[in-house]
Amino acid sequence: MKAMILAAGLGTRLLPMTQEKPKPLFLIAGRPLLDILIRTLRDSHCEAVIINTHHLAEMIDEFVQAQDYGIPVHTRYEPTLLDTGGAIKNVEDFWDENPLLVINGDIFTNIDLAQIHRFHLSHKHPVTLALHDYSQFNNVWVDSNDHITGFGDTAPCPPPGRNLKPDATPVQPSQPLWRSRLMTTSANDRQLAFTGIQVLDPQVLSFIPERTPCSIIDIYCEMIRAGITLKAFVPGNHYWHDIGTMTGHRRAAREALARKALGKAVPEIGEGILAWSELKGDGSDRTWHRVSLGKTSVIMVDHGPPPEDRTCEADSFVDIGQHLLNKGVPVPHIYGYDRPTGLVALQDLGDLHLQTVVRRTGDQVEILAHYKAVIDLLITMAVEGAKGFNPAFTYQTAWYDRDLIIEREAKYFVAAFLNGYKGLRTDFEKLKEGFELFAKRALETGLVGFLHRDFQSRNILVRNEKYYVIDFQGGRLGPLPYDLASLLIDPYVELPEDIQQDLLAYYLDRLSGSVPVDHEDFLRAYKYCAINRNLQILGAFGFLSRVKAKTDFEAYIQAALASLKTRLSTIESDCPQLVRIVNGI
């Protein structure tokens, strides 16, 4: 078997990306699609491949020349685009007396190419088109015998054909009413979509004009008008993606990444159709899916296309996640990352959060046991995660510092909660002196480690009585009291103050076993870290409720506000105006 890959297109639907790279060289899970196609053909017992080129042809030439596929791989440059039919005619010298398999250079699929070739050899007709049911592109008409009767959206009638070449010898129709048959439908006729995979006998070449741009579909219409039967091969249990659009490319990338991840989760996993179920997100704009094949599943996180010139959220998610895993912190295994699309595949640890576990039980002893186990985990993450932590992992700031506290906690609180959510007209500058003091005192502790910065009950999963940390992409270095405060004042759970104090004492006792701790210094910093975290929580709830219309967060505003009032009451002299504003809500 010989094969041709159609790769000359301009890729206009993928502009501006195709200005610098031809579509067949776009990456799918880290590999150029052209490489995937050539290796698939080789593994399907293809003996030689030819690729037609035009747009950025030199890049395809260089890529092919740098590979070693073990079979001949040629390119054929088209100075002027010849369209699909003209391109096939242009490689006539590559053909021999055997059928040629032709495949579009912009499809990603697991359709069995060797099976299509065997199917073609099993019948006497000169063309086999691989078709499937794909509603967006269903415009090929097929009768009950899997014979193709035409192409079009509304009726199985080929478009008017041009005159056949003088040397073409039309085959006489098997019955005199073949033209009228093409104009009508029957109850058994159906519409399917062309996959871009076809097998052609050399006979087809006689219908294609020399050095003239033409569509192979127009040639097939002429052949049908001449009474020649074209055969449909309809595969099953397959995936197929056209990467010719941004949406198609993303779908292909996520399919490839999901299958790669499932293979890492269970190496012996087989083929099959993936089941995608969207998961409810939380505060971010990312989308989440559980992808299943049989009893095995992984989680796919879509961060969206990243900027090319700087570290993005997905980069941080992957780099920090791998760093924490290497340090023995229980986080999900990251099975794969496709940076061009911002897709990340990770271990599926289920849906049970610490919030749910705690709210299901009213037993204080059980609640304390859960939280003590989580605190042990937190200490490991803070101490071990700081070792060898590379600030380049971070996509926001490398440190939890004064600027972050002022801009992303204090200002956020004023703009998004006081003014945006509550409708007040609070002047930040009049409160700035107090916020500066909060920042200064939160940072006075000498205890610095890895900081998650959103360490709360919804970011802790429980599975088989073990605890796992998620959503660590905002990690950086910072004061140890901050994450503890995030955990204890968490409005999703509303731990009673006495339990908070018991757990604070437990943390200090356990931390003292790992690093020297000045308890007075820690507790003073903890007080202000808790206030800053409380400001951030309310700012986030206000923003998510009003701007993002995620009104579920409103249910937790009263708890967060009550917590802030309690904490401000202990330092009223530091910022009396803020205390008056908050108490007045």
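The values are calculated or read from the model by the stated rules, or taken from the named source; none is laboratory data. Worth saying up front: this structure is predicted, and the values here are computed from it rather than measured. Neighbour counts are summed over all protein chains in view; Cβ atoms, including those assigned to glycine, are modelled from backbone coordinates with ideal geometry.
Restricting attention to segment 355-379 and to residues that are farther than 15 Å from Leu504 by Cα and crowded, with 18+ Cβ neighbours inside 10 Å, the residue that is farthest from the chain's Cα centre (by Cα) turns out to be Val358.
So that you can scan it fast, the table gives a plain yes or no per residue for (1) part of a strand (DSSP E or B); (2) farther than 22 Å from Tyr528 by Cα; (3) in the same structural domain as Ser457 (by TED's automatic domain parsing); (4) at pLDDT 95 or above:
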{"position": "Pro340", "(1), (2), (3), (4)": "no, yes, no, no"}
{"position": "Leu368", "(1), (2), (3), (4)": "no, yes, yes, yes"}
{"position": "Met381", "(1), (2), (3), (4)": "no, no, yes, yes"}
{"position": "Glu384", "(1), (2), (3), (4)": "no, yes, yes, yes"}
{"position": "Gly388", "(1), (2), (3), (4)": "no, yes, yes, yes"}
{"position": "Ile405", "(1), (2), (3), (4)": "no, no, yes, yes"}
{"position": "Arg408", "(1), (2), (3), (4)": "no, no, yes, yes"}
{"position": "Val414", "(1), (2), (3), (4)": "no, no, yes, yes"}
{"position": "Gly420", "(1), (2), (3), (4)": "no, yes, yes, yes"}
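Hey, among Thr80, Thr84, which residue is closer than 23 Å to Thr18 by Cβ, β-branched (Val, Ile, Thr), touching a residue at least 60 places away in the same chain (Cβ under 8 Å) and part of a loop (DSSP other than H, G, I, E, B)? Step through it out loud before you land on a result.
Details: Thr84 fails: part of a loop (DSSP other than H, G, I, E, B).
When all the criteria are applied, what remains is Thr80.
Looking across segment 529-585, the residues that are touching a Lys or Arg at 6+ places or on another chain (Cβ under 8 Å), without any contact (Cβ under 8 Å) to a residue 60 or more places away in the chain and not in a helix (DSSP H, G or I) come down to Thr570, Ile571. Among the residues of segment 468-477, are any touching a residue at least 60 places away in the same chain (Cβ under 8 Å), closer than 28 Å to Cys575 by Cα and over 25 Å from the mean Cα position of the chain (by Cα)? Yes, because at least one residue in segment 468-477 is touching a residue at least 60 places away in the same chain (Cβ under 8 Å), closer than 28 Å to Cys575 by Cα and over 25 Å from the mean Cα position of the chain (by Cα). When each of Val469, Val515 is tested for being β-branched (Val, Ile, Thr), over 24 Å from Arg408 (Cβ atoms) and touching a helix residue (DSSP H, G or I) at 6+ places or on another chain (Cβ under 8 Å), the lone residue that passes is Val515. Exactly one residue among Ile273, Ile299 is over 17 Å from Leu349 (Cβ atoms) and outside the structural domain of Ala29 (by TED's automatic domain parsing), and that residue is Ile273.
Residues being surrounded by 16 or more Cβ atoms within 10 Å (Cβ to Cβ) and at pLDDT 95 or above are entirely absent from segment 569-577. Just one residue in the set Gly283, Gly227, Gly236 is at pLDDT below 95, in the same structural domain as Asp143 (by TED's automatic domain parsing), assigned to a loop (DSSP other than H, G, I, E, B) and touching a helix residue (DSSP H, G or I) at 6+ places or on another chain (Cβ under 8 Å); that residue is Gly227. Of all the criteria given as (1) crowded, with 21+ Cβ neighbours inside 10 Å; (2) over 26 Å from Ala555 (Cβ atoms); (3) at pLDDT 95 or above, the one not satisfied by His303 is (3). When Tyr506, Tyr526 are screened for being closer than 17 Å to Ala442 by Cβ, touching a residue at least 24 places away in the same chain (Cβ under 8 Å) and aromatic (Phe, Trp, Tyr), only Tyr526 passes.
Scanning segment 481-503 for residues that are in a helix (DSSP H, G or I), over 11 Å from Ala442 (Cβ atoms) and in contact (Cβ under 8 Å) with a residue 12 or more places away in the chain turns up Asp483, Leu484, Ser486, Leu487, Leu488, Glu497, Ile499, Gln500, Asp502, Leu503. Residues that are surrounded by fewer than 16 Cβ atoms within 10 Å (Cβ to Cβ) and under 20 Å from Ile88 (Cβ atoms) within segment 1-56 comprise Leu10, Glu47, listed in sequence order. The lone criterion from (1) outside any helix (DSSP H, G or I); (2) surrounded by fewer than 20 Cβ atoms within 10 Å (Cβ to Cβ) left unmet by Met59 is number (1).
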